[in-house]
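Asks: Once you've had a glance at the structure underneath, I'll fire off some questions.
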Amino acid sequence: MEKKKFDLNKIESKPLKYFKGVGEKRAELFNKLGIGSSDALLRYYPREYEDWSKCISVDEAKANAESGEICCIRATVSAQVRSVFLKGGKTIYSTRAVDDAGKGFRLTFFNNPYIPKMLIQGSEYVFRGKLFVGKNGAEMTSPMFDGGDCNKIVPVYRSTEGLPSRQIAKVVEQVLAELPEDMCDPLPAHIRAKYKLCHIRYALNQIHFPDDRETLATARDRLVFEELLILQLGLLRLKGRQRGAAGVVLERDFTDEFWSLLTFKPTNAQVRAAREAVRDMMSGERPMSRLLQGDVGSGKTAVAAAVCYTAAKNGVQSALMAPTEILAEQHFRSISELLEPCGIHVGLLTGSMTAAQKRNTKELAALGMIDLLIGTHALISDGVEFASLGLVITDEQHRFGVNQRGALAAKGKNPHILVMSATPIPRTLALIIYGDLDISVLDEMPEGRVPIDTFFVDSGKRQRAYNFVKKHIAEGRQGYVICPLVEEGENSGDLKAAMSYAESLSDGYLSGCRVGLLHGRMKGAEKDEVMRQFAEGKLDVLVSTTVVEVGVNVPNAVIMIIENAERFGLSQLHQLRGRVGRGKWKSYCILISDVRNDATVSRLRTMCKTTDGFAIANEDLKQRGPGDFFGSRQHGLPDMKIADIMTDMHIFTMAQEAAKDVLHDDPELSSRENAGLAEETERLFDGARAMN
Ligand code: ADP
Ligand code: MG
């Protein structure tokens, strides 16, 4: 890391174990939440707040009891706590409390021997919980309560087992108490003045322990502004580095020639998209910067191949980057099959190739003897050089961080850029993420696709579902079984579960079938091997985790069972389901779930109703809310801690303006005034993680 240029009077970065109540063990738990030190803790903003400041009367709470909402009631305990011992060792503690108006309600607690000591007859408390009105009148079961002065809004942090939110709050309190009086604010004073933003010290205090709703809003606005300003600064600087003269200019459009190589007829949308891309590259004005957006199965790969073919025919080298090895391999297989016979050399580079294979490929690419290099993010590693990289394509671009996309482009000299995505992103948001960029949409599915039928059943129908799979296998087709298990970071108990489930399937429901297992913990080469066997029809069923979610294309697979379907979001289910219905056969998707809550049922019903990715994305947006929907998985931007790109649009506009002004006066962010911003920008983009 670069040495600090300025001595900023900043928040000290102190290991958490030096704070009261935090030992080695608890520090470890903080670590698990991604909080390694005191400064990170300050930026660990509450997930939500409990408002203890608005108490209502018992009558009001009764009138609103139907809603099941949590409320606060200030009341005096009017009787001694009684305990009743139940069979099985349980104890119920109960008492009564009355509010100012003399209206009373019952309080019940289970198995908490401290209750009689904590609730004193004649003392006043605020009780926070749900009020039920039953046969015996109003009652609160296991409410939280506080006796002190509790006119306050209490932060609720995302917690983990052994480290409840209250514990986190106690440490935050200590860190806040140590903030220097004259602490330096990363936002320069003139920006704070112009946009009427509060000082960082005030903002941090109020975001954790707000005095009231208003001060909380003031703090939040300021922190959102700061975060979006830094995001915008980072994006502008990345773009600035890439800006430059026109890329290589293509002479001729060869896309029609390419389409004639295919066994199928391209859709009008594919023809149009490829032509738009080639036109960009022939214009000679500036390098192409285009997003190709198309629902799963709309045929984006063929468009990419058409564009690469045209580039190669014009003597221009290109690179195609995919987020997983499976996908890179698949693209390599299908594209090289088409292009090699035309004398176009296609290479593959992935992390799991042997050192010798990699070296060989790199040499050929550097010599310009590979026209199109396909690979994973191995393409952006050091030592990969291109003779003259003129076109860069990123598939499923949202899986990459912004800096990864930039890194590939940096291997060429102002190359043309095409990014492909299945996520329908609103145009306004796309412009923010990609800056000034053109969009082609594949709004048409290839001909002859038979719509996928989707069913939602409970586990009682599992046997029938698997019989249905076997029927299709008997007809020569293949299928997927998706289990929501074994992803990076999940515990090994789950790993065993998926593996033993795969085994039990081949002995049980799928006896007699050739069953393969694919999961994220397998080595690249192992994954490829299983995938290859499946693609070649040597396996009938692939039991897989969500690693098949992205891009996998085996048209002979016509049926998919999704176990524990409730554990997936709508967009993810849509991506998964997109693995079937890719050929000429009727395809099916069976969602198995026993969860019956409204949100789940509505989600799974939506899947049964429509296969339209745009409709599903809209529904997803409605059900999950924008913050969640446009998480980093969708756009590859660094994770936002507090800002919500959709709902904080008005702040974003201001931050955009501020970012332009700052960079106009100080393009390198090298002044003392901007030192804090420079540091934060660097930190945000360093932290942008590689997604794979
Ligand atoms: P995605 O847009 O999800 O990346 P793919 O590019 O993987 O979709 O294409 C899905 C399948 O459709 C592939 O098997 C591909 O060969 C086939 N395909 C693409 N375009 C057409 C077309 N115009 N007609 C018929 N099949 C097509
Ligand atoms: Mg694809």
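Asks: Identify all residues within region 193-215 that are closer than 18 Å to residue 41 by Cα and of a type in the set (A, V, I, L, M); write none if there are none.
Replies: Once the filter is applied, which keeps residues that are closer than 18 Å to residue 41 by Cα and of a type in the set (A, V, I, L, M), region 193-215 yields 200, 203, 204, 207.
Asks: Right, here's the next one. Which residues, taken from region 553-568, are crowded, with 24+ Cβ neighbours inside 10 Å and within 16 Å of ligand 2 (Cβ to nearest atom)?
Replies: Of everything in region 553-568, just one residue is crowded, with 24+ Cβ neighbours inside 10 Å and within 16 Å of ligand 2 (Cβ to nearest atom), namely 557.
Asks: To continue, here is another question. Looking only at region 569-579, which residues are more than 16 Å from ligand 1 (Cβ to nearest atom) and surrounded by fewer than 21 Cβ atoms within 10 Å (Cβ to Cβ)?
Replies: If the condition is that a residue be more than 16 Å from ligand 1 (Cβ to nearest atom) and surrounded by fewer than 21 Cβ atoms within 10 Å (Cβ to Cβ), then 569 is the only one that fits.
Asks: Let me ask you something else. Sort out which residues of region 334-362 are open to solvent by 30 Å² or more (accessible area, probe 1.4 Å), in a helix (DSSP H, G or I) and in contact (Cβ under 8 Å) with a residue 24 or more places away in the chain, and write them in order of number.
Replies: 334, 338, 342
Asks: Next up: Would you please name the residue that is modelled with the lowest pLDDT, looking only at residues in region 309-323 that are within 13 Å of ligand 1 (Cβ to nearest atom) and buried (at least 24 other Cβ atoms within 10 Å of the Cβ)?
Replies: Keep residues of region 309-323 that are within 13 Å of ligand 1 (Cβ to nearest atom), which gives 320, 322-323.
Adding the requirement that they be buried (at least 24 other Cβ atoms within 10 Å of the Cβ) leaves 320, 322.
On the way: 320: 97, 322: 93.
By that ranking, first place goes to 322.
Asks: Which of the numbered conditions does residue 286 fail, given that it passes all the others? Conditions: (1) open to solvent by 10 Å² or more (accessible area, probe 1.4 Å); (2) within 12 Å of ligand 1 (Cβ to nearest atom); (3) of a type outside the set (Phe, Trp, Tyr).
Replies: Looking at each condition in turn, residue 286 falls short on (2).
Asks: Quick one: count up the residues across region 70-91 that are in contact with a Gly (Cβ under 8 Å, 6 or more places away or on another chain) and open to solvent by 60 Å² or more (accessible area, probe 1.4 Å).
Replies: Residues in region 70-91 being in contact with a Gly (Cβ under 8 Å, 6 or more places away or on another chain) and open to solvent by 60 Å² or more (accessible area, probe 1.4 Å): 1 in total.
Asks: Also, I was wondering about something else. Test residue 297 against the criterion of being more than 16 Å from ligand 2 (Cβ to nearest atom) and touching a residue at least 60 places away in the same chain (Cβ under 8 Å), and give yes or no.
Replies: On the way: more than 16 Å from ligand 2 (Cβ to nearest atom): no; touching a residue at least 60 places away in the same chain (Cβ under 8 Å): yes.
It is false that residue 297 is more than 16 Å from ligand 2 (Cβ to nearest atom) and touching a residue at least 60 places away in the same chain (Cβ under 8 Å).
Asks: From 408, 418, 389, 373, grab the single residue that is closer than 18 Å to residue 304 by Cα, more than 16 Å from ligand 1 (Cβ to nearest atom), assigned by TED's automatic domain parsing to the domain that holds residue 437 and in contact with a Lys or Arg (Cβ under 8 Å, 6 or more places away or on another chain). Let's see the steps before the verdict.
Replies: Working: 408 fails: in contact with a Lys or Arg (Cβ under 8 Å, 6 or more places away or on another chain); 418 fails: more than 16 Å from ligand 1 (Cβ to nearest atom); 373 fails: in contact with a Lys or Arg (Cβ under 8 Å, 6 or more places away or on another chain).
Of 408, 418, 389, 373, the one residue that is closer than 18 Å to residue 304 by Cα, more than 16 Å from ligand 1 (Cβ to nearest atom), assigned by TED's automatic domain parsing to the domain that holds residue 437 and in contact with a Lys or Arg (Cβ under 8 Å, 6 or more places away or on another chain) is 389.
Asks: Right, something else. Determine, yes or no, whether residue 304 is open to solvent by 10 Å² or more (accessible area, probe 1.4 Å) and either assigned to a helix (DSSP H, G or I) or within 16 Å of ligand 2 (Cβ to nearest atom) (or both).
Replies: Here the answer is no, as residue 304 does not meet what is asked.
Asks: When residue 331 is evaluated against the numbered criteria (1) assigned to a strand (DSSP E or B); (2) within 11 Å of ligand 1 (Cβ to nearest atom), which criterion, by number, is the only one it fails?
Replies: The failed condition is (1).
Asks: Give the number of residues within region 459-484 that are more than 13 Å from residue 560 (Cα to Cα) and crowded, with 18+ Cβ neighbours inside 10 Å.
Replies: 1
Asks: For region 362-391, enumerate the residues that are farther than 21 Å from residue 333 by Cα, in contact with a strand residue (DSSP E or B) (Cβ under 8 Å, 6 or more places away or on another chain) and charged (D, E, K, R).
Replies: Hits for region 362-391: nothing passes.
Asks: Report yes if some residue within region 251-265 is within 31 Å of the chain's Cα centre (by Cα), over 29 Å from residue 409 (Cα atoms) and open to solvent by 10 Å² or more (accessible area, probe 1.4 Å); otherwise report no.
Replies: no
Asks: Scanning for something at pLDDT 80 or above, polar (S, T, N, Q) and under 29 Å from residue 613 (Cβ atoms), does region 453-475 turn up at least one residue?
Replies: Within region 453-475, one or more residues are at pLDDT 80 or above, polar (S, T, N, Q) and under 29 Å from residue 613 (Cβ atoms).
Asks: Applying the selection to region 617-657, what residues are modelled with pLDDT of 80 or more, more than 17 Å from the chain's Cα centre (by Cα) and open to solvent by less than 60 Å² (accessible area, probe 1.4 Å)?
Replies: Selection gives 648, 651, 652, 655, 656.
Asks: Still on this model: Picking from 544, 571, which residue would you name as being hydroxyl-bearing (Ser, Thr, Tyr), within 29 Å of residue 378 (Cα to Cα) and either within 16 Å of ligand 2 (Cβ to nearest atom) or not assigned by TED's automatic domain parsing to the domain that holds residue 475 (or both)?
Replies: 571
Asks: Also: Name the pairs whose Cβ atoms lie under 7 Å apart, with the first residue in region 499-519 and over 12 Å from residue 482 (Cα atoms), the second open to solvent by less than 50 Å² (accessible area, probe 1.4 Å) and of a type in the set (S, T, N, Q), and 6 or more positions between them or separate chains?
Replies: 513/506; 515/506
Asks: Here's a follow-up. May I ask you to say which residue of 600, 606 is under 17 Å from residue 295 (Cα atoms), assigned by TED's automatic domain parsing to the domain that holds residue 483, away from ligand 2 (no atom under 16 Å from the Cβ) and not in a loop (DSSP other than H, G, I, E, B)?
Replies: Selected residue: 606, the only one of 600, 606 that is under 17 Å from residue 295 (Cα atoms), assigned by TED's automatic domain parsing to the domain that holds residue 483, away from ligand 2 (no atom under 16 Å from the Cβ) and not in a loop (DSSP other than H, G, I, E, B).
Asks: In the set 582, 603, which member is open to solvent by 10 Å² or more (accessible area, probe 1.4 Å), over 16 Å from residue 451 (Cβ atoms) and of a type outside the set (A, V, I, L, M)?
Replies: Going through 582, 603 in turn, just one is open to solvent by 10 Å² or more (accessible area, probe 1.4 Å), over 16 Å from residue 451 (Cβ atoms) and of a type outside the set (A, V, I, L, M): 603.
Asks: So, residue 272, is that one open to solvent by 40 Å² or more (accessible area, probe 1.4 Å) and closer than 26 Å to residue 366 by Cβ or not?
Replies: Working: open to solvent by 40 Å² or more (accessible area, probe 1.4 Å): yes; closer than 26 Å to residue 366 by Cβ: no.
Against the criterion (open to solvent by 40 Å² or more (accessible area, probe 1.4 Å) and closer than 26 Å to residue 366 by Cβ), residue 272 does not qualify.
The values are calculated or read from the model by the stated rules, or taken from the named source; none is laboratory data. These numbers come from a predicted model, not from an experiment. Glycine gets a Cβ as well: all are built from the backbone with ideal geometry, and neighbour counts include every protein chain shown. For the accessible areas, the whole protein counts, side chains as well, though only heavy atoms, and no ligand, DNA or RNA atoms are used. Shrake-Rupley method; radii C 1.70, N 1.55, O 1.52, S 1.80 Å.
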